[in-house]
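A short write-up of the structure that comes next.
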Amino acid sequence: MTTKRTPFIAGNWKMYKTIAEARQLVSEMIPSLQGVSGVEKVLCPPFPDLLAVKAILEGTEIGLGAQNMHWESAGAFTGEVSPVMLAELCQYVILGHSERRAYFGETDETVNRKVKAAIAHGLIPIMCIGETLQENEAGTTQQVLEKQIMGGLVDVTLPEATQPGEVNFIVAYEPVWAIGTGKAATSQGANAVVSDIIRPTLAKIFGSQIAEAVRVLYGGSVKASNASEFFKQSDIDGALVGGASLKVEEFAPIVQAAAG
Ligand code: PEP
C-alpha cells in the first residue's frame, strides 16, 4: 500500500510573543496561510497566548498547538498545565522538545507519560527526537534515536485515524545541533535518518503500515530559502519551524513550499 501523507508545518514560537504581539502576528499570518491548500498548518504559541490565538483562528483552517504539558489530568503540580486544560484550547501538543530535555529534565519516560496522556485526551502529539552534536560525531545517532522512539512509545496505542491512511501522531526529527544554529542538516542526510532509522523503528513497534502513515517532520534551522529542499525528500512530510515561524515573510513561504 502506498500512503499519501498530508504535508504538515508547525510553528514553535518557543517563549516569544506576549498576548498583544501574538494577536498581531496571527492576524498578519492568516491572509498568507489561509489560501494555501494541501498542507496542514499549526501554530504553537506559549500557554498564555493560546486563548487569544484560538479566538483569532476560529473559522480558519489553521490549527493550534501547545509546546508542552503535564501528564496528569489535574493535581497539586504547581506551574504545570494539564491535557484536560489543553484539550479545551488546542488540537496538538509538542512533546519532548530538545530544549525541554536539555533544560527541564525531560526524559524518555516523561515524554512517554505525556504522549499517552495527550492521546487519551484527544490531543495529537508532535513527539520530538534528535541527537546532540556529540552523539552525532560519536556515530551514535541510530542508537540515540531508537532509544528515544522506543522509550517515548512504550505501551502507546495510537489513536484511530480521522483520515484513511493517516495517523494522529507526528514525529519531529530535530537534530539538536541544527536547532537555532542556522546550520540545518542536509535534506538528503535528514531524509536518510527518517527512512533508515525512524520509520524502521516505528515499524518495529507498530508495523510497517502505520510506520508509513506517520508524518515525520524535519526541524532545525528551516527557513524560506531551504524549506523546499526538505519537502522534496521522500520521507520528510513537513517541518517543525522555530525562529522562522515568528516572521510572516519566512513562515508563509515555508507553508507554500510544503503545499508543493
Ligand atoms: C525548534 O524550535 O523546534 C526549531 C526547529 O527551531 P529553529 O527552527 O529555530 O532551528
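The values are calculated or read from the model by the stated rules, or taken from the named source; none is laboratory data. Note that the coordinates shown come from a computational prediction; the quantities given were computed from them, not determined experimentally. As a convention, Cβ positions derive from the backbone with ideal geometry for all residues, glycine included, and neighbour counts pool all protein chains shown. Calculation scope for accessible area: heavy atoms of the full protein, side chains included, ligands and nucleic acids excluded. Shrake-Rupley method; radii C 1.70, N 1.55, O 1.52, S 1.80 Å.
If a residue has to be of a type in the set (V, I, T) and open to solvent by 40 Å² or more (accessible area, probe 1.4 Å) to count, how many in segment 46-93 make the cut?
3
Got a number for residues in segment 99-113 being crowded, with 23+ Cβ neighbours inside 10 Å and farther than 25 Å from L51 by Cα?
0
Are any of the residues in segment 186-198 at pLDDT below 95, within 26 Å of A244 (Cβ to Cβ) and under 16 Å from the mean Cα position of the chain (by Cα)?
So far as segment 186-198 goes, no, none of its residues is at pLDDT below 95, within 26 Å of A244 (Cβ to Cβ) and under 16 Å from the mean Cα position of the chain (by Cα).
Going through K114, K41 one at a time, which residue ends up being more than 30 Å from V248 (Cβ to Cβ), of a type outside the set (A, V, I, L, M, F, W, C) and under 16 Å from the mean Cα position of the chain (by Cα)?
K114
Among the numbered conditions (1) farther than 23 Å from K17 by Cβ; (2) within 13 Å of the ligand (Cβ to nearest atom); (3) assigned to a helix (DSSP H, G or I), tell me where E229 comes up short.
For E229, the failing item is (2).
Kindly establish whether Q148 is touching a Cys at 6+ places or on another chain (Cβ under 9 Å), farther than 26 Å from L33 by Cα and open to solvent by 10 Å² or more (accessible area, probe 1.4 Å).
yes
Limited to segment 169-192, what total is found for residues that are more than 15 Å from the ligand (Cβ to nearest atom) and crowded, with 19+ Cβ neighbours inside 10 Å?
2
With respect to E28, determine if the residue is of a type in the set (D, E), buried (at least 16 other Cβ atoms within 10 Å of the Cβ) and either in contact with a Ser or Thr (Cβ under 6 Å, 6 or more places away or on another chain) or outside any loop (DSSP other than H, G, I, E, B) (or both).
Answer is no for this residue.
Select the strands (runs of 3 or more DSSP E) contained entirely in segment 54-129, then report the ones holding at least 2 residues which are at pLDDT 95 or above and more than 16 Å from the ligand (Cβ to nearest atom).
Because the criterion is at least 2 residues that are at pLDDT 95 or above and more than 16 Å from the ligand (Cβ to nearest atom), the strands (runs of 3 or more DSSP E) in segment 54-129 that meet it are 62-66.
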